[in-house]
Amino acid sequence: MSSPTAPTPPTTSVRRPLLAWASWDWGVASFQAVITTFVFTVYLTGTVAVDEASGSSALATTIALSGVLVALVAPVWGQRSDAAGKEYGRQRRLGVLTAITVVATALMALVTPVPSSLLLGLVLLAVGTFAYELAQVEYNALIYRLAPPGRTGWVSGFGWAAGYVGGIVLLVVCFVLFLSDAPVFTFAEPGMSVRVIAVICAAWLAVFGLPVLFMRFPYPPPPGDEDAARVSVLGSYRLLVQRLVRLYRDDRHLLGFLVSSAIYRDGLTAVFTFGGVLAAGTFGLSPGDVIIFAIVANVVSALGAVVGGRLDDHLGPKTVIVVCLAALVVTAAFMLFASGTTAFWIGGTFLSLFVGPAQACSRSYLARVVPPGREGELFGLYATTGRAVSFLAPAMFALSIAVFGAQRWGILGIGLVLLLGLVTFLPVRSVAGHAAAGEAAARV
């Protein structure tokens, strides 16, 4: 890894590019929060499928297959992207992948509430998810061209916060207009409200995803990956294996980060995935209160991401991640033995506060240590390792319930995954918030 050198002065101010970059995160929340989490997947399993059991099984299979495909493709996609090293190349590829996600989302309006439409819905969800995950690789790599040295944490936190807020704003809009007990718009045809929401989500992403595609960033792209440029697609896989072996030999801290972050990121995802289930089933929140809590949780996570990003720049990302994971483990232990709605609101709010900064600082950590010119490949591996262990938290959640016989014990499963992530992360090398070699060298 090269030593830090003085960065070239920015060609433009940082504020406008930052807003354009974060706008994409705001926009893509329509797919992440509305389509895959709260609305369209629920519509597929509860209304389109013959029954919830078969629908849920088909949905899980589709998500798993899409995840395997992402895991196989993401690192090489990022590597091929690195090979180009052109001014607007990464933005063009981000634009193509965003367009695919937009089209797949819009076509979900064709999924009618009959079992024969289930296959169409699952295919569109798989295509959209695949394009979205690859787009994340390109989007994350753009942070090198945006964040001034010493500000990577703040920039990453700002992007995460925009995603949280964008998702919750759109959820509130959809809830008020179409999904509440007294919606503004009603339709005689079953399922039409969800189909209209799909079109709104596509338009939301299209509009807010545009600014980043045309923005000139303050820093030029790093030099292209010359080794990747000389090989074919199949050769890219051979090169990837060679580099992984070299990474194991020469930089086990970076490899250790990829593994440990995959573990604890799965635990962070589980906090939100199973939060609503636990809120209603274990702590007695009403459906309306669960929605209100979801709004509060996202807002708190957004604030935490911004504050955590600022602390990242002063203390380094490892310190922030360790504190957040430790706080999450302690809070999970408290909630395991707590009861009642008040306890859930207290514990759940604390969990939400620390999830955002842990996610933002994980991206910041990788951005600081990746060798210039290999950002796409390493962020692709970041996606792959995350996919590789995405079964862990759900499996531990289910196993804990099966062993102890009550839903609340699922909290133990999530807490153990977070604890395992913390323990495996502790040996990973720290990087100073202001002196990371990759962060500075990527801008010269």
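The values are calculated or read from the model by the stated rules, or taken from the named source; none is laboratory data. Keep in mind the model is a prediction, meaning the values are calculated, not measured. Side chains are part of the model used for accessible areas, which takes the heavy atoms of the whole protein and leaves out ligands, DNA and RNA. Shrake-Rupley method; radii C 1.70, N 1.55, O 1.52, S 1.80 Å.
Please give the length that would be gained between residue 342 and residue 69 if that part of the chain were fully extended, namely 0.36 nm times their separation in residues minus their C-alpha to C-alpha distance (nm, one decimal).
Answer, rounded to one decimal: 94.1 nm.
Which whole-angstrom value gives the distance between the alpha carbon centres of region 123-187 and region 25-78? Taking the Cα centre of region 25-78 as reference, the centre of region 123-187 is 15 Å away. Here the alpha carbons of region 207-248 define both size measures, Rg and Dmax, at 15.9, 42 Å.
The mean sequence distance of close C-alpha pairs (under 8 Å, at least 6 residues apart), as a share of the length of the chain, puts its relative contact order at 29 percent. Note that region 281-425 presents 37 Å² accessible area per residue, ligands and nucleic acids not counted, probe 1.4 Å.
Counting only the Cα atoms, the chain fills a convex hull of 132 Å³ per residue.
Computed over protein heavy atoms with a 1.4 Å probe, the carbon and sulfur contribution to the accessible area of the chain reaches 71%. A 1.4 Å probe run over the protein chains yields, for region 58-161, 34 Å² of accessible area per residue, whole-number rounding. Spatial offset of region 346-404 relative to region 287-333 amounts to 13 Å, using the alpha carbon center of each.
Which of the helices in the chain meet the span-like rule: DSSP H, Cα axial reach of 24 Å or more, Kyte-Doolittle mean at least 0.0? For the chain, where a helix must reach 24 Å along its axis and average at least 0.0, the hits are 52-84, 89-107, 118-141, 152-174, 192-209, 233-250, 252-273, 287-315, 317-336, 341-369.
Could you work out how much longer the chain between residue 430 and residue 250 gets when fully extended? Use 0.36 nm per residue separation minus the Cα distance between them, nm to one decimal. Walk me through the numbers before you get to the answer.
Working: separation 180, 0.36 × 180 = 64.80 nm, distance 1.64 nm.
Contour length minus Cα-Cα distance gives 63.2 nm.
Taking the helices alone, the chain has a mean residue ellipticity at 222 nm of -24000 deg cm²/dmol, built from -39,500 (n - 2.57) per DSSP H run of at least 4 residues and averaged over all its residues.
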